[in-house]
Amino acid sequence: MPAASPAPDDLDVVVAGAGPAGLSAAAACAAAGLRTALVAPGTRPWPATYSLWADELDAAAGPLGLDPATAATRYSPTVVRTAAGGERRLSRGYARLRNDVVHAALLDRFRASGGEVVTGRVAGMLADGGREVAVLADGGRLTARVVLDARGGGPGSAQQRAWGEVVAGPVPDLVPPGGALLMDWAALADPALPPAFLYGLPLDDGTVLLEATSLAARPPLPLAGLRDRLAALLAAHGLRPAGDAERVAIPLDGAARGAGAGTRLGAAAGLVHPATGYSVASSLRLGPRVAAALAGGSDPHRVVRAARPRATAALLGLGLEVLLPLDAAATDAFFAAFFTLPERTWAAYLDVGSPPAAIAAAMARVFAALPPAARARLLRDVARTAGRRVRIRRG
């Protein structure tokens with residue numbers, strides 16, 4: 001352990017993991033006056049592309065001490081394209097985190113508030129006389145009032161996967177200038193292949209990120225297949241990759257880490273949306289709430305449970321199971337119907353913290369908006385899913 005590490009028994013909080021969930025919680029805890037140690041193999045900026053809705057960024061920025069004007073690139077319009085519904089321009093703004101800016105701001109806030117970085121990896125956690133212990137991979141131990149586990153969730157059997165390439169921009173025939181292409185189900189449509197959509201964002205240097213994305217599949221689609229579909233699209237538009245490829249694999253049904261010592265955060269707490277793969281907004285919002293609970297002497301587990309109501313998680317899990325068997329045409333029809341809903345309705349469905357009644361209402365309204373044939377198919381899929389779950393429980 002480095003010489004500058006905190007005394008192993010003189011801590012309020014130990015945070016395991018320095019992704020968005022871990023670093024946001026660590027910064028908030030330290031800023032709240034809690035003696036905090038952050039344990040991670042390193043503290044380099046996150047390499048993945050993290051996106052969220054602009055209003056979610058605004059809600060998270062203040063409590064985290066972030067300047068929303070510099071923390072992300074904002075896009076307008078936000079575009080969805082389907083063969084069944086054509087192009088729809090959403091009024092809800094979209095944003096991409098500037099990882100270097102957000103990471104540096106959180107890390108600076110953490111250190112300026114007295115937080116200590118311990119280079120290493122937490123291998124396990126245990127309770128000891130009313131306190132919690134983070135057991136490090138090198139055998140060291142850090143004891144604190146609470147250990148926050150932000151090491152990620154389980155692998156899951158269903159995943160969202162994507163293959164992305166950066167190309168010279170602009171590409172107005174694919175991505176609207178200044179806007180975000182959230183989903184284009186027509187660009188990669190092939191009735192002989194599993195569903196996939198094109199996702200696209202202009203980057204700050206004038207290039208454009210394009211990703212061939214499998215929203216949800218069990219087993220996951222091979223990345224090579226998505227790479228080939230994107231390559232064919234780029235060739236058809238006379239585009240060539242201008243940087244390193246981005247590979248995405250997000251478990252959608254990975255279980256939250258098991259019970260025991262520690263309070264789970266982020267994917268470890270099951271905050272990955274099981275039907276979309278989104279989690280960064282929920283993770284960033286949660287850190288200050290957990291810090292406030294700890295500073296006030298409250299149980300942080302209650303805060304985490306409120307961030308992901310159990311009934312909401314069950315309904316969203318059902319939503320994932322409904323999406324998995326849909327072919328390309330049925331998926332296209334589903335999202336053509338989904339984005340005809342009022343914004344407040346579909347936005348609630350995309351938030352793992354929404355009340356279960358809001359999730360159920362969105363599901364019912366999507367069902368009503370589907371064509372009759374799609375409704376019949378959806379009912380069959382739900383019945384099969386329910387029957388499979390009953391057989392599993394009985395077995």
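Under the condition of being exposed (fewer than 15 other Cβ atoms within 10 Å of the Cβ) and small (Gly, Ala, Ser), which residue from the stretch 191-236 is nearest to Arg96 (Cα to Cα)? The selected residue is Gly206.
Before we move on, is Ala267 part of a helix (DSSP H, G or I) and closer than 30 Å to Gly129 by Cα?
yes
Give the residue, chosen from Leu265, Leu252, that is touching a helix residue (DSSP H, G or I) at 6+ places or on another chain (Cβ under 8 Å), open to solvent by less than 60 Å² (accessible area, probe 1.4 Å), within 15 Å of Ser24 (Cα to Cα) and not polar (S, T, N, Q).
Just a single option satisfies the conditions, and that option is Leu265.
Closer than 20 Å to Ala137 by Cβ, among the β-branched types (Val, Ile, Thr) and buried (at least 20 other Cβ atoms within 10 Å of the Cβ): does that describe Val39? When the stated conditions are applied, Val39 passes them.
Taking strands (runs of 3 or more DSSP E) as the structural unit, those lying wholly within the stretch 47-99 and holding at least 1 residues that are farther than 22 Å from Leu203 by Cβ and open to solvent by 60 Å² or more (accessible area, probe 1.4 Å) correspond to 86-90. Is it the case that the stretch 281-295 has a residue that's surrounded by fewer than 18 Cβ atoms within 10 Å (Cβ to Cβ), part of a loop (DSSP other than H, G, I, E, B) and of a type outside the set (S, T, N, Q)? No, the conditions are met nowhere in the stretch 281-295. Taking the stretch 68-79 as the range and being touching a helix residue (DSSP H, G or I) at 6+ places or on another chain (Cβ under 7 Å) and more than 18 Å from Ser282 (Cβ to Cβ) as the test, the residues that pass are Thr70, Arg74. Of all residues in the stretch 100-119, how many are outside any strand (DSSP E or B) and open to solvent by 20 Å² or more (accessible area, probe 1.4 Å)? Here the count works out to 10. Among the residues that make up the stretch 125-146, is at least one of them crowded, with 17+ Cβ neighbours inside 10 Å and within 24 Å of the chain's Cα centre (by Cα)? Among the residues of the stretch 125-146, not one is crowded, with 17+ Cβ neighbours inside 10 Å and within 24 Å of the chain's Cα centre (by Cα), which makes the answer no.
Taken as a whole, the structure leaves Val167 outside the set of residues that are of a type in the set (Val, Ile, Thr), open to solvent by less than 10 Å² (accessible area, probe 1.4 Å), in contact with an Asp or Glu (Cβ under 7 Å, 6 or more places away or on another chain) and in contact (Cβ under 8 Å) with a residue 24 or more places away in the chain.
The strands (runs of 3 or more DSSP E) found wholly in the stretch 130-203 and carrying at least 2 residues that are at pLDDT 95 or above and small (Gly, Ala, Ser) occupy 159-168. Only residues that are under 18 Å from Ala328 (Cβ atoms) and open to solvent by 70 Å² or more (accessible area, probe 1.4 Å) were counted across the stretch 365-374, and they come to 1.
The values are calculated or read from the model by the stated rules, or taken from the named source; none is laboratory data. Bear in mind the structure is a predicted one, so any value in this text is a computation, not a measurement. So basically every Cβ, Gly included, is an ideal-geometry build from the backbone, and we count neighbours across all protein chains shown. Ligands, DNA and RNA are excluded from the accessible area calculation, which covers all protein heavy atoms including side chains. Shrake-Rupley method; radii C 1.70, N 1.55, O 1.52, S 1.80 Å.
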